[in-house]
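Chemist: This structure is in structure tokens; I'll ask about it shortly.
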Amino acid sequence: MPLALLARAALSSTSSSIAMATTRSSSSRVLRASRAELNPGAKEVKRESSVSFDLTKTEAVASMRSKNVKRVLEVTGENIKKEVDIVPDIEDFRYGKASPSLVRLEKKVRVSSAIKVGAPENWEAILKGIKNMRLSGEAPVDTKGCEKAGSLLPPKERRFAVLISTMMSSQTKDEVTHAAVERLSEKGLLDPDAIVRTDEATLANLIKPVGFYQRKAKFIKEASKICLEHFGGDIPDSLNELLALKGVGPKMAHLVMSIAWKNTQGICVDTHVHRISNRLGWVFREGTKQKTTTPEQTRMSLEKWLPKDEWEPINPLLVGFGQTICTPLRPKCDMCGINNICPSAFKESSSPNPKQKKMRFAVLMAINIADLL
């Protein structure tokens, strides 16, 4: 292309750019003038960014995460104690696919949010109906639950019996746990000093067929030694100290605090309370309308609306209801006195299909194994 034509083209492009810039500047002045005319008292303020770019993107993200973690710890008031050889209770596990990451857990107790939520519809009528159905006291928990352990012993000895009974109760029926407590009592082993002096194999054979009896015998001996050395033969009187004992999870700690020390600090949520609360539509995962997936979520959700005077009795009430009527499989809805207001009435198949049975069996086995890893 001739030089003359190139120069002419460049000049034309430059002129166009200048014209566009002039047009934008004029438009901007016109717009500002229009605004000034519409609002004579308004002053133009120069806006400056308040964001500091001193940190790199990576540093900013790390700082934000650090602050978020600190904030969560401050709000929930978590006391976290890492243990290398922790035996989490079954209630620490999600009721679904067992994740390998759940095998090694950190013992912690979450403090329920102070924010109260609205109580579920018809909860008082439902609770009253369940209480009426439980008047007969025919459930295993009514005569052989952990609170019956050492009932005739002096207060200090009874507290220890309650702790031992509770430690054996995980993944074990009330009748089996109660029988094991009776055998220990007959041998004079509802005493920390006597247990420490008994060899582990003998102790395991005495509590057999309690679930995972060998593992539990080891933890019972260790807990007895701690009670002797640090608590004068008594048991810990705080949640955190109870949770420091191997084999004691949140459900057990709350149960022991309520029964042994008459100090209810939270709701004891086991498999029955967890299952029934979800069937009744009483609990939801925080910020959602979805069912809770762990007993700890259930506990925190219940504590947000259930009156505190119901916290202690709700456990044996729902446990007995779950043992007799609202059973895990094939609940007896036709016999239930609240089937007209229960949102889950008659919705579970009376005979689960083979796929459901297989899934439930797999989940139960995963929880049983993880309970003692």
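Chemist: With a 10 Å radius around each residue's Cβ, average the other Cβ atoms per peptide and rank 264-272, 246-254, highest first.
Modeler: Final packing ranking: 246-254, 264-272.
Chemist: For segment 116-203, how big is the tail of P(r) above 19 Å, as a whole percent of Cα pairs?
Modeler: 52
Chemist: Taking every pair of alpha-carbon atoms in segment 149-261, give the share separated by more than 24 Å as a whole percent.
Modeler: Counting pairs separated by more than 24 Å, the tail of P(r) holds 12 percent.
Chemist: What accessible area per residue comes out for segment 200-286, rounded to a whole number of Å², with a 1.4 Å probe?
Modeler: On a per-residue basis, segment 200-286 sits at 36 Å².
Chemist: Give me the number: length gained by fully extending Lys208 to Lys347, i.e. 0.36 nm times residue separation minus the C-alpha to C-alpha distance, one decimal in nm.
Modeler: Stretched fully, the Lys208-Lys347 segment lengthens by 46.2 nm.
Chemist: Using the heavy atoms of the protein chains alone and a 1.4 angstrom probe, what is the accessible area of segment 122-166 per residue in square angstrom?
Modeler: Result: 50 Å² of accessible area for each residue.
Chemist: On the protein heavy atoms, probe 1.4 angstrom, tell me the percent of accessible surface of segment 149-261 carried by carbon and sulfur.
Modeler: C and S atoms contribute 51 percent here.
Chemist: Here is a further query. What nm distance separates the two modelled labels at Ala125 and Ser185, each placed 7 Å from Cα along Cα→Cβ?
Modeler: Result for the modelled spin labels: 4.3 nm.
Chemist: Return, for the Cα atoms of segment 208-319, the radius of gyration and Dmax in Å, separated by a comma.
Modeler: Rg, Dmax (Cα atoms, Å): 15.8, 47.
The values are calculated or read from the model by the stated rules, or taken from the named source; none is laboratory data. Every value quoted in this text rests on a predicted model; they were computed, and no experiment measured them. Please note: Cβ atoms are built from the backbone with ideal geometry, for glycine as well, and neighbour counts cover all protein chains shown. With ligands, DNA and RNA removed, areas are computed over all heavy atoms of the protein, side chains included. Shrake-Rupley method; radii C 1.70, N 1.55, O 1.52, S 1.80 Å.
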